[in-house]
Amino acid sequence: MVLKAFFPTCCVSADSGLLVGRWVPEHSSAVVLAVLHFPFIPVQVKQLLAQVRQASQVGVAVLGTWCHCRQEPEESLGRFLEGLGAVFPHEPWLQLCRERGGTFWSCEVTHQQAPAAPSAPGEDQVMLIFYDQRQVLLSQLHPPTVLPDRQAGATPASTGGLAAVFDTVARSEVLFRSDRFDEGPVRLSHWQSEGVEASILAELARRASGPVCLLLASLLSLVSAVGACRVFKLWPLSFVGSKLSTCEQLRHRLEHLTLIFSMRKAENSAQLMRKVNMLASVLLDVALGLTLLSWLHGRSRIGHLADALVPVADHVAEELQHLLQWLMGAPAGLKMNRALDQVLGRFFLYHIHLWISYIHLMSPFVEHILWHVGLSACLGLTVALSLLSDIIALLTFHIYCFYVYGARWAVPSSLRKPQSPGCSSGMGEGAALGRPWAWGPADARRAGPSPQLFIGTLLFTILLFLLPTTALYYLVFTLLRLLVVAVQGLIHLLVDLINSLPLYSLGLRLCRPYRLAAGVKFRVLQHEAGRPLRLLMQINPLPYSRVMHTYRLPSCGCHPKDSWGALCRKLFFGELIYPWRQRGDKQD
Amino acid sequence: MVTRLPEAGLERAGRLGPAIAVERRAVRCGRPSGGVMEDERSFSDICGGRLALQRRYYSPSCREFCLSCPRLSLRSLTAVTCTVWLAAYGLFTLCENSMILSAAIFITLLGLLGYLHFVKIDQETLLIIDSLGIQMTSSYASGKESTTFIEMDKVKDIVINEAIYMQKVIYYLCILLKDPVEPHGISQVVPVFQSAKPRLDCLIEVYRSCQEILAHQKATSTSP
């Protein structure tokens, strides 16, 4: 196999010295982590490498020599470098050489044992791959390869060679902690040798996070304890709490905040990203909510809204009344059963009248209610939107009632199967009576005209002829209900979007694309005959769609449970639909 | 330095064995001193458009194939622009609203930018490096490049497959990936040169070179 030497770009202009790194025999790759400069004491070098090996669990060793000189190395230097191979025995021994100011690289590999097969021409034996050490150290490969074996140098052979390189560089952080200003026994060149990178803000945040997390965690546990007390489990409050989407959203946000400010440290990078994404989502939510709040409370917009609300409700009720008058006449030229039409029409008109009275009763308090509801926007835009969705549900409660009446009574028995429990199954049974069954001796006994057969047939005929009227009312109210459901659905989608958007990951992908790596890409550098092949390895960033898919936060499950086919079937048979039911709720 | 290779003269992919030896001799005798052997030939794609295949042999273990698609033609661009603007002018005469004309200009500009950045692929490159992997790069007309790299451990083989595409049966080159669970299974088929869609003669050239490298890689990986 061709030997691959991974060389950091920061060491390209370093002085001559020893190559320190890790040899991966399964992929025949040598990962050079740093260059150790002359002069050094071999014993101290061996001690340092043993310390690094113990601290980082990476099999760091001296891989060979690096020569960066003005011209070709002289005889004495050549023999000196070869002699080092005896001091630091390693199989195979690399000898990299570069002319100062030139682009000519040469690389020789010496095996202590004689190779079994005749060696290929020199340029095919080694491949030089340059990598940016800082980027490879900070980046994270997706999909993450789990390396369970953490002993020194042991890597399962099933992982790819590149994953092993990334893992080696990431785990060798101990080696990069000293820079050239340290008074250590050895002088190393790596990506931090010009000065260790650190940030004052990050350090301050790290120190402050401890007590802040403790305080906030205790506050949040107090809030959850209040929310979990027995009062809220009693029947009226628990029913109301399960129906309102605001309570669901508040619970969701409380869960998020508890996770963010919990005292447990994140175990791996995926959990850390999730925590930071949640924090970013909460901050965005609160920022948008405060913007909305300032907009609402400025220039008495709440007053305008409140003034506009009652006339709008009146207008909607008037339109509904016109619709019912139209249905009571001859809608679209259809001939309806006059008596049933009048009954149903008057029944629904009375309901609208009740509802209008209720709205007029509430009208003096609307502005105060809206003002207090607007205050909830400081908890977040999602809470305000959930409240809006709940208010729409409350205001269109009459449409919901009409839909339920229509589904339950107007089209109950025509098409429903006779065995569904709790429903009046007049027509269903009648239809069942009309179905042919196998004629046997038991049936011969029942062959005479029974009262059941007579009443069943009568009921069936009556309900069949009343079907157009009832079906029309059902159709109209179902369409209205679907309209309201669609509006609520849009609001829920928006809330879901804000809840699950991984803002931090998207920002990271935008500003620091090398942190989230889908893979690598190679570029062939200038090649000379007789010289080893040189490649530049760069990080291939993750596409935005995969960032969204990998890091999206779990939403509160407000997705439509039924597929389109199931929905149409339910509508046709008159079953009640609740498309935005939360998971775990019983379906009616 | 550009050298011209003799015509391969192959009809079927079956007769590849002796042709490999012929190819190797031809490469060796034309080698310049620069170290990179470059070669350019023109082929055609499945619709009859002209493609240019540029081969670079960096070393016996590293080869690159660069397929250039035909550029955006001025004729089609003019035709589309004229159609959109005529339609917009027709709407304008109906509605007397000058926003339609500005909207048509914006739509044309944005559509052209979007087409150049997301749809129109200028060049497709296949870089195969022994014992490292295979890299496929697509360069869009706006300069954007999208790269995929597959490690050699995951590559099972490179084959030429047949497919039904609209009303035609076409050949395409694809990379077969190993299944980690089943040793003889295939987990994925990755097609190469998807937007250039060259014909069989071009595919055979690329196939032969890739098989040389894969054979060499299999031989060295099994040896201790």
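A few notes on this one:
- Sparse packing (at most 16 other Cβ atoms within 10 Å of the Cβ) combined with a DSSP loop state is found for the following chymotrypsin sites (Phe, Trp or Tyr not before Pro) in region A:1-59: A:F40.
- Calculated FRET efficiency for the pair A:R207/A:E267, C-beta based, R₀ 25 Å, to 0.05: 0.70
- Spacing of the two label points (7 Å from each Cα toward its C-beta) at A:V12 and A:A170, in nm: 2.6
- Where trypsin sites (Lys or Arg not before Pro) fall in DSSP loop in region A:310-357, at most 10 other Cβ within 10 Å: A:K335
- Residues of type lysines that A:K265 reaches as a straight line, Cα spacing below 29 Å, ignoring anything fewer than 8 places off in the same chain: A:K275
- Placing a label point 7 Å from the Cα of A:F80 along the Cα-to-Cβ direction, the residues of region A:1-30 with a backbone N closer than 20 Å are A:13-20.
- Treating r as the C-beta distance of B:L109 and B:Y165 and R0 as 41 Å, the FRET efficiency rounds to 0.80.
- If only the Cβ of Lys and Arg carry +1 and only the Cβ of Asp and Glu carry -1, the dipole of region A:11-103 around its Cα centre is close to 300 debye.
- Segment B:H184..B:A219, full-extension length gain: 10.8 nm, with 0.36 nm per residue of separation and the alpha-carbon distance subtracted.
- Long pairs among A:K4/B:K178; B:K120/B:K144; B:K156/B:K218; B:K154/B:K218, criterion Cα-Cα beyond 18 Å: A:K4/B:K178
- Segment A:K243..A:F38, full-extension length gain: 66.3 nm, with 0.36 nm per residue of separation and the alpha-carbon distance subtracted.
- Distance between the modelled labels on A:R100 and A:S199, one decimal in nanometres: 3.8 nm (7 Å Cα→Cβ projection).
- Couplings 3J(HN,Hα) of region A:371-378, computed from phi: 5, 6, 5, x, 5, 5, 5, 6 Hz, in residue order, whole Hz [Karplus 6.51 cos²θ - 1.76 cosθ + 1.60, θ = phi - 60°; x for Gly and Pro].
- Within the straight-line cut-off of under 29 Å between alpha carbons, the lysines reachable from A:K233 are A:K243, A:K561, A:K586, sequence neighbours fewer than 8 places apart in one chain being disregarded.
- Three-way shape label, region A:298-404, alpha-carbon gyration tensor, a/c 1.5: prolate
- Stretching A:F465 away from A:R180 to a fully extended chain increases their span by 93.0 nm, per 0.36 nm per residue minus the current alpha-carbon distance.
- When both region A:172-196 and region A:1-71 are represented by their alpha-carbon centers, they are found 14 Å apart.
- Between the beta carbons of A:C69 and A:M1, assuming R0 = 35 Å, the FRET efficiency works out to 0.70 to the nearest 0.05.
- With the simple spin-label model, which puts each label point 7 Å out from Cα in the Cβ direction, the B:F92 to A:L525 separation comes to 5.7 nm.
Values quoted throughout were computed directly from the atomic coordinates according to the rules given, and no laboratory measurement underlies them. Please read these numbers as outputs of a predicted model, since none were measured by experiment. All Cβ positions, glycine included, derive from the backbone under ideal geometry; neighbour counts span all protein chains shown.
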